[in-house]
1. So which DSSP H runs in the chain come out at 20 Å plus along the axis (Cα) with average Kyte-Doolittle of at least -1.0?
2. Is any residue of the range 48-64 close enough, with backbone N under 19 Å, to a label point placed 7 angstrom from the Cα of GLU5 along the Cα-Cβ axis, and if so, which?
3. Rounded if a/c is under 1.5, else prolate if a/b beats b/c, else oblate: with a ≥ b ≥ c from the C-alpha gyration tensor eigenvalues square-rooted, which is the range 49-112?
4. Picking from LEU43, ILE74, TYR97, whose Cα lies most toward the positive end of the charge dipole for the chain (charges on Cβ: Lys, Arg +1; Asp, Glu -1)?
5. How high is the relative contact order of the range 43-129? Use alpha-carbon pairs under 8 Å, at least six apart in sequence, and give a whole percent.
6. What number comes out for the charge environment of HIS60, summing +1 per Lys or Arg and -1 per Asp or Glu over other residues with Cβ under 12 Å away?
7. How big is D for the chain, in µm² s⁻¹ as a whole number, if Stokes-Einstein is applied with the Kirkwood radius of its Cα pairs at 20 °C and 1.002 mPa s?
8. Given a cut-off of 19 Å, name the pairs among LYS51/LYS113; LYS51/LYS72; LYS79/LYS113; LYS83/LYS113; LYS72/LYS113; LYS91/LYS113 whose C-alpha atoms lie farther apart than that in the structure shown.
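Just so it is clear, none of the values below were taken in a lab; they were calculated from the coordinates. The structure displayed is predicted, hence computed values, not measured ones. No Cβ is skipped: glycine too gets one built from the backbone with ideal geometry, and neighbour counts run over all protein chains shown.
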Amino acid sequence: MLKLELKETATTPYINFDPTSGVIRMEGRSIPENVIDFYQPILGWVEEYGKNIQPETTVHLKFEYFNTSSSKRIFDLMKKFEKIGIETGTKVTINWYYEEDDEDIFFAGNDYKALINKVEFNLIEIKPS
């Protein structure tokens, strides 16, 4: 299985999904013009990864901003990882990063944490340097 890496744009996040290390990264802004077209191959990649998952998978989600339609796809992504973890018995950890003063991202992460409760879900505050 190939690594999935997409460069960040003004409307889409940086994506780095590494099947050999089990480290999954998404960061930046998610406001694509067509959210289905953008997220469909990503969700497909996760489906394939679930067939040959690493013993431990860590998902790092670090968004500056995402729109409502992206929030549904981000949730779908997390649900797929949760399902994979449950079905395979492997350890899946989701790390949701938020900046100290970004209440929107914090509250979104808190909402997701309430819904994704069968794998480890961490809210991680990013302190200014």
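1. Counting only whole DSSP H runs, the qualifying helices are 35-49, 68-88.
2. 49, 58-62
3. prolate
4. The residue sitting farthest along the positive end of the dipole is LEU43.
5. Computed value for the range 43-129: 33 percent relative contact order.
6. Cβ neighbours under 12 Å give a net charge of 0.
7. 145 µm²/s
8. Distance filter (> 19 Å) returns LYS51/LYS113; LYS51/LYS72.
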